[in-house]
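Have a look at the structure that comes next, please.
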Amino acid sequence: MRLPVDCSPLLKRVGVPRRALLVGAGALFLGGCTTALPTAPESALVAAPPPPPPPTPLMYAAMLNEEFLIPAVDTTKLDPRFWRQEIDYPTDEPAGTLIVDTPGKYLYHVLPGGRATRYGIGVGRDGFAWAGRAIVAYKRKWPRWTPPDTMVARQPELEPYSIANGGMGPGLDNPLGARALYIHEGGRDTLYRLHGTPEASSIGNAVSSGCIRLVNQDVAHLYDTVRDGSPLVVIPDPTMSHLLV
């Protein structure tokens with residue numbers, strides 16, 4: 001490469017070797033010819049896969065040793081604040097009492113020492129219709145469901161499961177689920193039930209039918225720890241006072 005002007009005298013005066021000038025000019029020439037690498041369009045970028053769901057807690061795993069296999073709870077549909085847990089719960093009620101906090105959507109089984117097991121619940125229309133004090137008269141595994149005649153009158157499609165027809169047999173499709181606790185007041189059936197459900201998303205909500213529902217794993221745990229004759233206290237929901245009878 002030849003320089004357009006003879007700069008030798010100048011280079012000699014400033015002390016810059018001619019070879020260094022030639023190398024520098026070549027670098028500038030090459031640098032001027034380089035271009036940035038093209039970037040992939042944003043639409044072509046692959047999104048990172050979503051993180052895997054957390055493992056199902058053992059208490060909500062499938063229950064295999066049952067008359068009907070109880071599937072694992074889909075905990076992605078059950079808010080963690082409604083997961084079963086033992087908590088501090090000061091109360092004047094004696095150990096063994098069940099307290100249904102209807103507006104809070106919790107059920108407490110009072111334990112000794114100011115503790116309680118807390119369960120998340122869903123509350124159906126019938127669950128808002130009674131409040132007060134009663135007892136757990138008895139409990140059943142895989143119960144039959146016999147809708148009261150008043151319900152059958154409102155929903156004639158339930159006639160095959162009426163009391164006269166023997167009700168609905170046990171199973172996962174039975175509205176009472178895997179367990180049911182039957183509530184009596186003054187020796188009479190209140191028609192109020194604590195029962196199971198496979199519908200995890202209904203826990204913590206007001207649902208269309210039924211009384212007080214727990215996921216099947218929780219109602220099975222409750223069944224095993226509650227004795228017949230245990231006292232029950234139901235705290236009413238003031239916003240549903242029009243349903244009380």
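The values are calculated or read from the model by the stated rules, or taken from the named source; none is laboratory data. All figures in this text were calculated on a predicted structure; none of them were measured in a lab. With ideal geometry, Cβ positions are generated from the backbone for all residues, glycine too; neighbour counts draw on all protein chains shown. For the accessible areas, the whole protein counts, side chains as well, though only heavy atoms, and no ligand, DNA or RNA atoms are used. Shrake-Rupley method; radii C 1.70, N 1.55, O 1.52, S 1.80 Å.
Here is a yes/no grid of residues against (1) at pLDDT 95 or above; (2) in contact with a helix residue (DSSP H, G or I) (Cβ under 6 Å, 6 or more places away or on another chain); (3) acidic (Asp, Glu):
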site: Ile135; (1), (2), (3): yes, no, no
site: Pro143; (1), (2), (3): yes, no, no
site: Thr150; (1), (2), (3): no, no, no
site: Gly167; (1), (2), (3): no, yes, no
site: His184; (1), (2), (3): yes, no, no
site: Thr190; (1), (2), (3): no, no, no
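Could you tell me whether any residue of the stretch 216-227 is under 29 Å from the mean Cα position of the chain (by Cα), surrounded by 20 or more Cβ atoms within 10 Å (Cβ to Cβ), among the acidic types (Asp, Glu) and under 26 Å from Glu93 (Cα atoms)?
Checked the stretch 216-227: at least one residue is under 29 Å from the mean Cα position of the chain (by Cα), surrounded by 20 or more Cβ atoms within 10 Å (Cβ to Cβ), among the acidic types (Asp, Glu) and under 26 Å from Glu93 (Cα atoms).
Just to check your reading of the model, which residue among Arg179, Arg140 is open to solvent by 50 Å² or more (accessible area, probe 1.4 Å) and touching a residue at least 24 places away in the same chain (Cβ under 8 Å)? It would help to see each step written out before you state the result.
On the way: Arg179 fails: open to solvent by 50 Å² or more (accessible area, probe 1.4 Å).
Going through Arg179, Arg140 in turn, the sole match is Arg140.
Restricting the search to the stretch 159-176, which residues are free of Cβ contacts under 8 Å to residues at least 40 places away in the same chain and touching a strand residue (DSSP E or B) at 6+ places or on another chain (Cβ under 9 Å)? Give the derivation first.
If we filter the stretch 159-176 for residues that are free of Cβ contacts under 8 Å to residues at least 40 places away in the same chain, which is where we start, we get 159-169, 173-176.
Scanning the stretch 159-176 gives Pro160, Tyr161, Gly167, Met168, Gly169, Asn174, Pro175, Leu176.
Among (1) in a strand (DSSP E or B); (2) open to solvent by 30 Å² or more (accessible area, probe 1.4 Å), which single condition is Gly166 missing?
Only one criterion in (1) in a strand (DSSP E or B); (2) open to solvent by 30 Å² or more (accessible area, probe 1.4 Å) is unmet by Gly166, namely (1).
Follow-up question, since we're still on this one. Can you pull out the residues in the stretch 228-245 that are open to solvent by 10 Å² or more (accessible area, probe 1.4 Å) and closer than 14 Å to Gly127 by Cα?
Listed by number, the residues that qualify are Val233, Ile235, Pro236, Asp237, Pro238, Thr239, Met240, Ser241, His242, Leu243, Leu244, Val245.
Being farther than 20 Å from Pro80 by Cα, touching a Ser or Thr at 6+ places or on another chain (Cβ under 7 Å) and small (Gly, Ala, Ser): is that true of Gly171 here?
Working: farther than 20 Å from Pro80 by Cα: yes; touching a Ser or Thr at 6+ places or on another chain (Cβ under 7 Å): no; small (Gly, Ala, Ser): yes.
When the stated conditions are applied, Gly171 does not pass them.
Inside the stretch 64-101, can you point out the residues that are open to solvent by 50 Å² or more (accessible area, probe 1.4 Å), within 26 Å of Asp228 (Cα to Cα), touching a residue at least 24 places away in the same chain (Cβ under 8 Å) and of a type outside the set (Val, Ile, Thr)?
Glu67, Phe68, Trp83, Gln85, Glu86, Asp88, Pro90, Pro94
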